[in-house]
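In what follows, a structure is listed as structure tokens, so that the remarks can point back to it.
The values are calculated or read from the model by the stated rules, or taken from the named source; none is laboratory data. In this text, all values refer to a predicted model and were calculated from it rather than measured experimentally. Don't worry about glycine lacking a Cβ; one is built from the backbone with ideal geometry, like all the others, and counts go over all protein chains shown. In case anyone asks, the SASA skips ligands and DNA or RNA and just uses the protein heavy atoms, side chains included. Shrake-Rupley method; radii C 1.70, N 1.55, O 1.52, S 1.80 Å.
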Amino acid sequence: MISEGNPWHDFLGLNLGYLIEQYDLYLENPDQVEESLKVLFAKWGEPQVEETSVTGTAISTELSPTYVLNKMKKLVQVMKLAENIRLYGHLEADIYPLEKQEKQEILTLAYYGLTESDVREIPADIICPNLKGNFSDGLSAIQYLKNVYTGKIGFEFQHLDDEKEKDWLKNKIENQFGSKKFPVERKINLFESLVAAESFEQFIHKMYVGQKRFSVEGLETLVPALDEFVQLAGENNIENVMIAMAHRGRLNVLAHVLGKPYEALLSQFQHSKWENNDPDFFETVGHTLDVKYHLGAVRNRKLGNKTVKVTLANNPSHLEFVDAVVEGYARAAQDDRFKKGAPKQDVNKALPIVVHGDSAFAGQGIVYEVFNFAGTEAYHTGGTIHIIANNVIGFTTEGHEYRSTRYSSDSAKGYHVPIFHVNADDPEASLLVMQLAFEYRQTFHKDVLIDLIGYRRLGHNELDEPMATNPVLYNKIKAHPTITEVYKKKLLDEKIFTAEKAKEMETAAWNKLKQANDRIDKQVKEVPTIAELQKGAVKEFPSVDTTVDKATLTALNKALLDWPKELKAFKKLERILGRRLEVFEKKGKIDWGHAEALAFATILKDGKPIRLTGEDSERGTFSHRNAVLTDVETGEKYIPLQHLDVANASFAIHNSTLSEAGILGFEYGYSVIAPETLVLWEAQFGDFANGAQVIIDQFISAGKAKWGESSGLVMLLPHGYEGQGPEHSSARLERYLQLAAENNWTVANLSNSAQYFHILRRQAALLKTEYIRPLIIMTPKSLLRNPSASSYVEEFTNGGFQPIIEEPGLGIEPEKVERVIFCTGRLAVELSEHLKEPEKYKWLDIIRVEELYPFPEKQINNILRKYKNLKEVVWAQDEPKNMGTWSYMQPRLQELVPKGLPVSYIGRPFMASPSEGDPLVHKKEQERIIREAITLDAILSTK
Ligand SMILES: Cc1ncc(C[n+]2csc(CCOP(=O)(O)OP(=O)(O)O)c2C)c(N)n1
Ligand SMILES: [Mg+2]
């Protein structure tokens, strides 16, 4: 007997003959047969011949071949129609609250030359194999499919490249979206949450006229939709829900998803005080504050006997950049870092949700950086729920202006993300689709996108008049009832409640807001000055012992080179790394990469986890790191820092995708949620870091001041003028110095490997303390292997990080010193190399400023005080005069030099490009800079 469920049951005689013929063709080349038959053959194999059909009808051979062929053609056409409904149903679906989509010819019977009776004849089980026995005939199956695929949800998933996922989705959609009923009790609380969302906006609109809030009206469904994920997280033991969202509806989400008390929100409109006494609600605000619709919060939501921690990330105005940050949050919450080896990720620990604007989603490139890294080992977060809060407009710009594609979601298709467009006027369909998205994420651990389509009832903000710019759209909006009204009508029609009951609920919601508003302090709080606010800034670093004893260092060094016997590393690399043993045995010097490995090993031993990523960071752009060894035969990777017996924490290192903004945003987010971890991001060259300028400006430098968001992130930025042209010379040090204030970060440019070791250890030691701040390091290129920038073991076992370094051999007779040159980084080493006979330079001292910010004022002052006969104080740099350190240093040094003495400048002139492009010009320029610096008679001026 043919197995149960097999469609071949339904084919007889010549029909079967035709199928067998088709099957032969299929075996030759599957593309020779219709798609629908391909699917059947793939699933059920060869059509099987039986003497009699299941209904007992004898096989007939009496029908004419033309008749049979005609029937088979009809079958193929019906199957085509069914597939096209699945593929193109969304084009006709009722997904826009303000307008209906046009009917699609491709979804009509006529397009396929079919009549209703043709379709009726086709066995329904072939059309909907997932719903066997549910339909009386083919026509009802087709009608069912049309109902499913052209309802209030437009499904797009045929672009996925995984058949299993497509099958899974098809099955779920066809089983659930034709008939799934929304439970009655949920209808009432869904209505209640819509009423709360709408009342919230209307109340503020009435009470706080003319104040911006970026109302969610027209997309109120977003509020219960986000709440649904919190509920689902609770049911599925997910501990964290981490949300990224911009301005639109943010206050409403804070109130109704994170339970930020109405009093707290309303007092912000009133500029009055509110004290948080709720132990399950947390909000950090930075000392110089931010506008209310940028602030994030954390709420421990109690759901039955479970707690879900809901985090809404702080967010700058710059749209979409927070997406990357929240991915970093989620990964940090998913990684277990407290054992040696690689961190262990549990994607069920955190659910990332990113809410996008429709215009921003289509327009901002970082969205695609985030999609692109979602599937990599380094940045995977187990699937992100993306929601486009689609109000069909961005500020005053409508869809046809802000995108080239049909939907704003279209580019997600390239990443094989299922896309569900849903009409926000149907809150039930919206919630069902959220459930489907969640189930997809939990099943496949991949990203999924919901395009929640509504409209924007008011202007971009509440002060904006949209009729001036978008009159046609706004005439439609004005005539359209609110989502709550639409849903109320539906529930009244369904007799779920009475009009009185609905009114009662509406009044209760309003009263709740009114009572909260009555309770808040109406007194405008005393307005502080910036100077007063700044008292809350981060304190100076305390002194920290960063030395490590020699025995420990020696043992760690050995352990790092003690690889398994079976590992066949690249021979040359083996030799290079092997020299690291000799350094300890023969009193050699430790170079940069070696110092870093030792710093990492000691930090892991101290129990602090480490995560380092960047483009090609496993090896290091300049082949100096080699933290990952690759077996030349198997390609397997071995990471010595993950195999240290004495390590008490995890070590992660990854090559990143070719992204700056997305990756730096991710690592920043990781550092915020994993404050005990030394998180490092390395730029390929520092020159490329400005691709992440928004993350640097909006988050890393200002996050603490705006939002009280602490980060100990380390940025490693290769920097140095070495003749490689305008895009391989400058990490734009000037930008980090310009942004430096209130101890917001440390900016360093180091000249030897021991300094690097100590500053990394200092950063690690201060993680999780109130002193922590990001660390920006200009890292070297040629200095990586320059013995002048390498340090002896004793410099690691003694001393510590030095904010300034005096040139050895100079300044011995202070009364003879006439010129002091201050400089930093690579140039300092180059100058030093030119002082072959320091005794000839009694008139000169050279001071390396290693920590540029905070400015080492005390140490510099002490130096200057030593020299009574100074004639010149100079700042020397490689960079053009409008770049590098000069503009930062000049006024600071000027404050400290003896009265009347100008601070002079040696370096490149003012330039538009960061450097010259010709290496010969470079050489000439370097020679000039060095000559001017160390020639007594060179006339200096502040040219
Ligand atoms: C990166 C960036 N560019 C420009 C702006 C200015 N801006 C603020 S809101 C907005 C429109 C956003 O439209 P959409 O993404 O659809 O969100 P909506 O306001 O409609 O919710 C623009 C251009 C910004 N905030 N961020
Ligand atoms: Mg919009």
In whole Hz, with x marking every Gly and Pro, tabulate ³J(HN,Hα) for region 580-586 from phi via Karplus 6.51 cos²θ - 1.76 cosθ + 1.60, θ = phi - 60°. 5, 6, 4, 3, 6, 6, 10
Can you give the extra length, in nm with one decimal, that the chain gains between ASP521 and GLU582 once fully stretched, where that is 0.36 nm per residue apart less the Cα-Cα distance? 14.9 nm
Using a probe of 1.4 angstrom, how much of the accessible area of the chain is carbon and sulfur, in percent? 51
Over region 473-617, what relative contact order in percent results from Cα pairs under 8 Å that are six or more residues apart? 15
Straight-line reach from LYS302: which lysines have a Cα under 20 Å away, not including same-chain ones fewer than 8 places off? LYS260, LYS349
Projected label distance in nm at TRP843 and ASP562, using a 7 Å step from Cα toward the beta-carbon: 5.7
Per residue of region 890-898, in order, report the coupling 6.51 cos²θ - 1.76 cosθ + 1.60 (Karplus, θ = phi - 60°) as ³J(HN,Hα) in whole Hz, putting x for Gly and Pro. 3, x, 6, 5, 4, 5, 9, 6, x
Within-15-Å neighbourhood charge of PRO914 [Cβ basis; K, R +1; D, E -1]: -3
If you count only protein heavy atoms and use a 1.4 Å probe, how large is the accessible surface of GLU872, to the nearest 10 Å²? 40
In region 859-943, how many lysine pairs have Cα atoms under 20 Å apart, counting only pairs 8 or more places apart or on different chains? 9
Please turn the phi angles of region 703-718 into ³J(HN,Hα) values with the Karplus equation 6.51 cos²θ - 1.76 cosθ + 1.60 (θ = phi - 60°), one per residue in order, whole Hz, x for glycine and proline. x, 5, 5, 7, 10, x, 8, 8, 8, x, 4, 10, 10, 9, 10, x
Cut-off under 5 Å, modelled amide H: who pairs with ILE387 long-range: VAL354, VAL355, HIS356, ILE450
Cut-off 13 Å between beta-carbons: net charge of the residues surrounding LEU604, Lys and Arg +1, Asp and Glu -1: +3
Tell me which residues come under 5 Å, amide H to amide H, from GLY614 once H is placed; ignore anything under 5 positions away on its chain. HIS654, SER656, GLU682
Test item: Cα-centred dipole of the chain, Lys/Arg +1 and Asp/Glu -1 on Cβ, debye: 2840
May I ask you to derive the relative contact order of the chain, considering only C-alpha pairs under 8 Å and at least 6 residues apart, and to give it as an integer percent? 10
10 Å binning of all Cα-Cα separations within the chain, expressed as whole percents from 0 upward: 2, 10, 17, 18, 16, 14, 11, 6, 3, 1, 0, 0, 0
Counting DSSP beta bridges with both partners in the chain, what percentage is antiparallel, nearest 5? 30
Between the modelled labels at HIS159 and SER64 (7 Å from Cα along Cα→Cβ) the distance in nm is 4.8
With respect to the cross-link table entries LYS206/LYS706; LYS344/LYS565; LYS80/LYS413; LYS146/LYS172; LYS132/LYS166, which display a Cα-Cα separation exceeding 21 Å? LYS206/LYS706; LYS344/LYS565; LYS80/LYS413
ASP94, ASP606, ASP937, ranked by accessible area, largest first (probe 1.4 Å): ASP937, ASP606, ASP94
Computed over region 622-733: relative contact order in percent, which uses C-alpha pairs under 8 Å that are six or more apart: 23
Once Lys and Arg are counted +1 and Asp and Glu -1 for all other residues with Cβ under 9 Å from that of ARG819, the total becomes -2
Accessible area expressed per residue, the chain, with surrounding protein chains retained (probe 1.4 Å, Å²): 41
Can you list the residues, at least 5 places off or on another chain, whose amide H is less than 5 Å from the amide H of ASN240, using H built in the peptide plane? LYS309, ALA350, LEU351
